[in-house]
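All remarks here apply to the structure that follows.
The values are calculated or read from the model by the stated rules, or taken from the named source; none is laboratory data. Treat the numbers as computed from the prediction; the structure is a model and nothing was measured. Counting neighbours? That spans all protein chains shown, and the Cβs are built from the backbone with ideal geometry, glycine included. Side chains are part of the model used for accessible areas, which takes the heavy atoms of the whole protein and leaves out ligands, DNA and RNA. Shrake-Rupley method; radii C 1.70, N 1.55, O 1.52, S 1.80 Å.
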Amino acid sequence: MTEEKAIALFKCLADRSRLQICKSLVKEPMYVELLAERLGLSASTVSFHLKKLEAAGLVQSRKEQYYMMYELVKEPLTVSILDILGEESAEQSEQEKREAQYRQKVLENFFVYGKLKNIPSQHKKRRIILEEMAAGLEPGRRYTEKELNLYIAGYHDDFCTLRREMIAEKLLKRENGIYWREV
Amino acid sequence: MNSYEQFIKEKKACYLQERQQLEAQDRRDEANFCLVRANICDAFEQVWQAVSRREKTQAEAVTAYRHKLETIPSAWRTRRQEADAHGDVQTAAIEEIKLETVRMLAEEFEKRVKEEAL
């Protein structure tokens, strides 16, 4: 288990309500309303906690007739804490970690449900969002301008600016109206 | 309508107290939900104070406040719908808490307006 995963796991379990949800699910899979009734919480609160548990890989859901059933994923819980402590730390430097965190923060701030809210004016941030959009293009595949515009328009209406910026930032190549991302 | 202002103050204090209790029980997310509720109460208390100061009569203040109770949460409704559509349970939960709190404040407000009219 990576340090990040271990931290996410511990953080997720460091909440009494979530711990109690896990305690209930260890006995049997349950649906939201039943968990809510047993734990004296509202259904929306239980859903909120289940989503966090799901993100930490501790819970999974499956559809069963009319209900969404939630069950505990036992595998991450069978790892001993001593084993986690004994693992070598990843060799990612502090600088790399900070950059990755910064990048993630920029993406979260500028993309809302897959749409670009606005084009960042700061170059560093703009470069990050352009890289993210360019990463969705198949490397080596030739795109016509219309295809590329349609792709970018899925993120933001101002596809002309963004297309030009991708070229200026050398994220895409262009020749005779054909665009491609280098392999 | 001093009683309404008093009601909001009491609600806010109640949520903040509940928040402390939940934090002491290591239920941090639910404690944050209480803080969200308290913040909404605080915001609408200030809105009520502002319209009461601005409008000449109580009837005008009531109308202006009703309008605010309708318009301010409209962005939250949109965000909630968007969150629902994208399966973003966490955002949806927060937006729902805000909307629930405003619904409760609006109901109480109407109750107090009716009582004063009688």
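Within the stretch A:121-135, the set of residues being more than 17 Å from A:K170 (Cβ to Cβ) and either out of contact with any helix residue (DSSP H, G or I) (no Cβ under 6 Å at 6 or more places or on another chain) or part of a loop (DSSP other than H, G, I, E, B) (or both) comprises A:S121, A:Q122. Within the stretch A:95-104, identify whether any single residue is among the basic types (K, R), in contact (Cβ under 8 Å) with a residue 12 or more places away in the chain and surrounded by 11 or more Cβ atoms within 10 Å (Cβ to Cβ), and answer yes or no. Yes; the residues of the stretch A:95-104 include at least one that is among the basic types (K, R), in contact (Cβ under 8 Å) with a residue 12 or more places away in the chain and surrounded by 11 or more Cβ atoms within 10 Å (Cβ to Cβ).
Mind listing whichever residues of the stretch A:135-146 are in contact (Cβ under 8 Å) with a residue 12 or more places away in the chain, under 22 Å from A:G114 (Cα atoms) and surrounded by fewer than 18 Cβ atoms within 10 Å (Cβ to Cβ)? Steps first, answer last, please.
First pass over the stretch A:135-146, keeping only residues in contact (Cβ under 8 Å) with a residue 12 or more places away in the chain: A:136-145.
Adding the requirement that they be under 22 Å from A:G114 (Cα atoms) leaves A:136-139, A:143, A:145.
Matches in the stretch A:135-146: A:G136, A:E138, A:P139, A:E145.
Residues of the stretch A:34-45 being touching a residue at least 24 places away in the same chain (Cβ under 8 Å) and either at the interface with another protein chain (Cβ under 10 Å from one of its Cβ atoms) or more than 24 Å from B:R28 (Cβ to Cβ) (or both), which ones? Of everything in the stretch A:34-45, those that are touching a residue at least 24 places away in the same chain (Cβ under 8 Å) and either at the interface with another protein chain (Cβ under 10 Å from one of its Cβ atoms) or more than 24 Å from B:R28 (Cβ to Cβ) (or both) turn out to be A:L41, A:T45.
Residues that are surrounded by 15 or more Cβ atoms within 10 Å (Cβ to Cβ), out of contact with any helix residue (DSSP H, G or I) (no Cβ under 6 Å at 6 or more places or on another chain) and within 14 Å of chain B (Cβ to nearest Cβ): does the stretch A:66-89 have at least one? No - not one qualifying residue is present in the stretch A:66-89.
Regarding the stretch B:19-26, can at least one residue be identified that is open to solvent by less than 60 Å² (accessible area, probe 1.4 Å) and within 17 Å of the chain's Cα centre (by Cα)? No, every residue in the stretch B:19-26 fails to be open to solvent by less than 60 Å² (accessible area, probe 1.4 Å) and within 17 Å of the chain's Cα centre (by Cα).
Against the conditions (1) modelled with pLDDT of 95 or more; (2) open to solvent by 70 Å² or more (accessible area, probe 1.4 Å); (3) among the hydrophobic types (A, V, I, L, M, F, W, C), B:A85 satisfies every one except (1). Applying a threshold of 9 Å to beta carbon distances and a minimum spacing of six or more residues, or different chains, the list of pairs starting in the stretch B:82-101 at a residue that is more than 9 Å from chain A (Cβ to nearest Cβ) and basic (K, R) and ending at one that is crowded, with 16+ Cβ neighbours inside 10 Å and part of a loop (DSSP other than H, G, I, E, B) reads B:K98/B:P73. Somewhere in the stretch B:13-22, is a residue within 14 Å of chain A (Cβ to nearest Cβ), on the phi > 0 side of the Ramachandran plot and free of Cβ contacts under 8 Å to residues at least 12 places away in the same chain? No: the stretch B:13-22 contains no residue that is within 14 Å of chain A (Cβ to nearest Cβ), on the phi > 0 side of the Ramachandran plot and free of Cβ contacts under 8 Å to residues at least 12 places away in the same chain.
Here B:D88 passes the criteria (1) at positive phi; (2) in contact with a Phe, Trp or Tyr (Cβ under 8 Å, 6 or more places away or on another chain); (3) not hydroxyl-bearing (S, T, Y) except the one numbered (1). Would you say B:C34 is within 14 Å of chain A (Cβ to nearest Cβ) and assigned to a helix (DSSP H, G or I)? For B:C34, the condition - within 14 Å of chain A (Cβ to nearest Cβ) and assigned to a helix (DSSP H, G or I) - is met. Evaluation of A:K27 against the conditions (1) more than 14 Å from every other protein chain (Cβ to nearest Cβ); (2) surrounded by 14 or more Cβ atoms within 10 Å (Cβ to Cβ) shows that the sole unmet condition is (2).
For the stretch A:7-24, the set of residues classified as facing chain B (nearest Cβ under 10 Å) and either open to solvent by less than 30 Å² (accessible area, probe 1.4 Å) or in contact with a Cys (Cβ under 9 Å, 6 or more places away or on another chain) (or both) consists of A:D15, A:S17, A:R18, listed by residue number.
Please determine whether any residue of the stretch A:47-64 is in contact with a Pro (Cβ under 7 Å, 6 or more places away or on another chain) and open to solvent by less than 80 Å² (accessible area, probe 1.4 Å). If you could, list the steps in order and put the result at the bottom.
Start the filter on the stretch A:47-64 by keeping residues that are in contact with a Pro (Cβ under 7 Å, 6 or more places away or on another chain), which leaves A:57-58.
This time we only want the ones that are open to solvent by less than 80 Å² (accessible area, probe 1.4 Å), so: A:57-58.
Scanning the stretch A:47-64 turns up at least one residue that is in contact with a Pro (Cβ under 7 Å, 6 or more places away or on another chain) and open to solvent by less than 80 Å² (accessible area, probe 1.4 Å).
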